[in-house]
1. Being in contact with a helix residue (DSSP H, G or I) (Cβ under 8 Å, 6 or more places away or on another chain) and without any contact (Cβ under 8 Å) to a residue 60 or more places away in the chain narrows it down to one residue among LEU138, LEU114, LEU161; which is it?
2. I'd like the full set of residues that are among the aromatic types (Phe, Trp, Tyr) and closer than 18 Å to ASP40 by Cβ, limited to the range 65-109.
3. Kindly indicate whether LEU46 is out of contact with any helix residue (DSSP H, G or I) (no Cβ under 9 Å at 6 or more places or on another chain) and assigned to a helix (DSSP H, G or I).
4. Filter the range 149-166 down to the residues that are touching a strand residue (DSSP E or B) at 6+ places or on another chain (Cβ under 9 Å) and either at pLDDT below 95 or farther than 23 Å from SER50 by Cβ (or both), then identify the one that is surrounded by the fewest Cβ atoms within 10 Å (Cβ to Cβ).
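The values are calculated or read from the model by the stated rules, or taken from the named source; none is laboratory data. These figures come from a predicted structure and were not determined experimentally. Ideal geometry is used to build each Cβ from the backbone, glycine not excepted, and the neighbour counts take in all protein chains shown.
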Amino acid sequence: MKKKFARFLLKIFGWDVVIKIPPEVKKMVVTMAPHTSNWDFLVGWLGYMSIGVNAKYLIKKEAFFFPLGNILSAMGAIPVDRKASTNIVIQVGDLFKNKDSLYITITPEGSRSLRSNWKRGFYYIAEHAQVPIAFGFLDYKKKIGGIGGMIFPTGDFEADLKVIEAFYSDINAKYPEKFSLSAQNRKN
């Protein structure tokens, strides 16, 4: 019922969902980019519901006030204190240990505002959990969202980030002026 309802809503809004990962892969860290609007979460959540996946999402703890916090938790959100050192990489990475299937979605930009560098936590979580990094996306111009591929962390963050960001180079953000690929902003 949830799948049909989510598909119906996405169809009304004009969105299609495309998944390009092997069906046998059941555990992954999903980078979701670009992240420039609050709508990204809702469209992404509906996308997951439309394919029957109950994903988890890392969201700043400041969003967990009553009643929004209860709603976010019910939707799979996990609060993150971005100011405190809480070993979030280990904690989230360990969530994969006793699960047959788990998608943890992280926005590597870390904000809806323009950032010159992506956060590295998504990479280290995938590395710790020994799971692939899947490329989640929302292309507002084409109205297509989904997962467009994946890589396994090699341990060379810089090299892997170039591969990841190459995928996102043609994706259209809701607010393009707020989207930046960090590799483009590094001085070589």
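1. Going through LEU138, LEU114, LEU161 in turn, the sole match is LEU161.
2. Within the range 65-109, TYR103 is the sole residue that qualifies.
3. no
4. PHE152
Here is a yes/no grid of residues against (1) closer than 25 Å to PRO153 by Cα; (2) over 13 Å from the mean Cα position of the chain (by Cα); (3) free of Cβ contacts under 8 Å to residues at least 60 places away in the same chain:
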site: ILE12; (1), (2), (3): no, yes, yes
site: VAL30; (1), (2), (3): yes, no, no
site: PRO34; (1), (2), (3): yes, no, no
site: SER50; (1), (2), (3): no, yes, yes
site: TYR57; (1), (2), (3): yes, no, yes
site: ARG82; (1), (2), (3): yes, yes, yes
site: ASN87; (1), (2), (3): yes, yes, yes
site: VAL92; (1), (2), (3): yes, yes, yes
